[in-house]
Each structure stands twice: as C-alpha cells, then as structure tokens.
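Following: one structure in structure tokens, then a few remarks.
The values are calculated or read from the model by the stated rules, or taken from the named source; none is laboratory data. If you're wondering where the values come from, they're calculated on a predicted model, not measured in any experiment. Here the Cβ is made from the backbone with ideal geometry for all residues, glycine too, and neighbour counts use every protein chain on show. Only protein heavy atoms, including side chains, enter the accessible area calculation; ligands, DNA and RNA are left aside. Shrake-Rupley method; radii C 1.70, N 1.55, O 1.52, S 1.80 Å.
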Amino acid sequence: PHFLFNTLNNIYSLAYKQHPETPDAIMKLSLLMRYMLYESNDPLVSLEKEVDHINNFIDLQKLRLREQTSIRFIVEGNLKGKQIAPMLLMTLVENAFKHGLVSKNEIGIIMRLEVKEDSLVFSTINNTSSHKKREYGGIGLENLRRRLNLLYPNRHRLTFEEKEDAFYATLKLHLRPNAK
C-alpha cells in the first residue's frame, strides 16, 4: 500500500503538470498491479515476466527520483525457459530502494541478475547511512528467508553484508531442472 500511494501521488503530480510521461506511468502501474494480482498466483512464473515486473517497478521509481540517484539493473544470461517463484526477487529490489536513498554517495542502486543453465545469482548494492546501523531481518527479509526455505530447500543461499556505507544482498538460487 505504501508503494501504491506514493506512486499514485507521483502520477498525480505528473498529471497536474501535464507531463508527457503521465500515460506511460499509468500503464506501468497498471502492469505492476496486474502482475501482482493475477499473474503471480501460480507457483512458478517465467523469469522473463519477473524481470519485466522489476523493470516496470524501477521505471516508476525513476519517475519519482528523477536524476537524484543512479539506478542500474544489469541482466546477463538467457532467461528463456527459466522459471522462478513469483515476487521472490522483488523483496531485495524494494529493500534497495527503501534503504538505498539515504546517502549522497555515488553508489546509488545497482542490481545484477546472472542466469546460468540451472542457477541464478541476484545481487543488489545500495547506499546506507553511516548514522543508522541496520539489522538484517526486517519483516520483508524475514519473509523472503521463509519463502526460500519452503520453496527452495537446500537450493539457495541468501547473504547480507554492510561495509563502507554500502549494503550488499546476494541470492544464489538453483533452479529446478527442466522447468518449462
């Protein structure tokens, strides 16, 4: 709900200013909501759709942030034919945006997805505040740990590290063989 209200306020601001990006922002929000409500109900979704969802989320965040923060999402490898539990990577993406905008460091937010035959590595790097030390276990990260233990037992590794005003999260996941 917090994301939804913020996004609607941003779109309202664009509409009020008659900004040419308003229709695109509305469409991206619509695509995000459709994916969350309808397409993510299956146990597995196409990794391509999951990446599209992340890109739509990032695009909406960029509208809000404008040029204030450097945001990069790098995808390497072949996504075709790969499947993943829906919304699994979004927790790390949302976490990077929630906690990564507290500093003027030049790191910004960097997300990288590397896909190989039967595995993927998803990592995020984002700024942190040197004044506020974080515990790695907010409700989102704890829910992610639980989901991973249920859906990918003995087939994942989730790590967090904070150093030099940067937070690093890495998820290594062994995909099910022959996922169609």
- Message: Need one number: nm distance between label points at SER70 and GLU164, each 7 Å from Cα along Cα→Cβ, rounded to one decimal.
- Response: 1.3
- For the chain, calculate the relative contact order in percent as a whole number, restricting contacts to Cα pairs under 8 Å that are 6 or more residues apart. 18
- Averaged per residue, what accessible area in Å² does the chain show with a 1.4 Å probe, protein chains only? 60
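Counting other C-beta atoms within 10 Å, and keeping those with at most 14, which DSSP coil GluC sites (Glu not before Pro) do you find in the stretch 23-80? Don't skip to the answer; put the middle values down first.
Details: sites: GLU39, GLU48, GLU50, GLU67, GLU76; in loops: GLU67.
Answer in residue order: GLU67.
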- Note on the structure: For the chain, the accessible surface attributable to carbon and sulfur atoms (probe 1.4 angstrom, ligands and nucleic acids excluded) amounts in percent to 51
- Query: For log10 I(q)/I(0) by the Debye sum over Cα atoms at q = 0.11, 0.20 Å⁻¹, the choices are (i) -0.42, -1.46; (ii) -0.50, -1.48; (iii) -0.52, -1.34; which was calculated from the structure?
  - Reply: (ii)
- Pair ASP42, LYS62: separation of 7 Å Cα→Cβ label points (nm): 2.8
- Under 18 Å by backbone N from the virtual spin label 7 Å along Cα-to-Cβ at LYS98, the residues of the stretch 108-128 are 109-111, 123-128
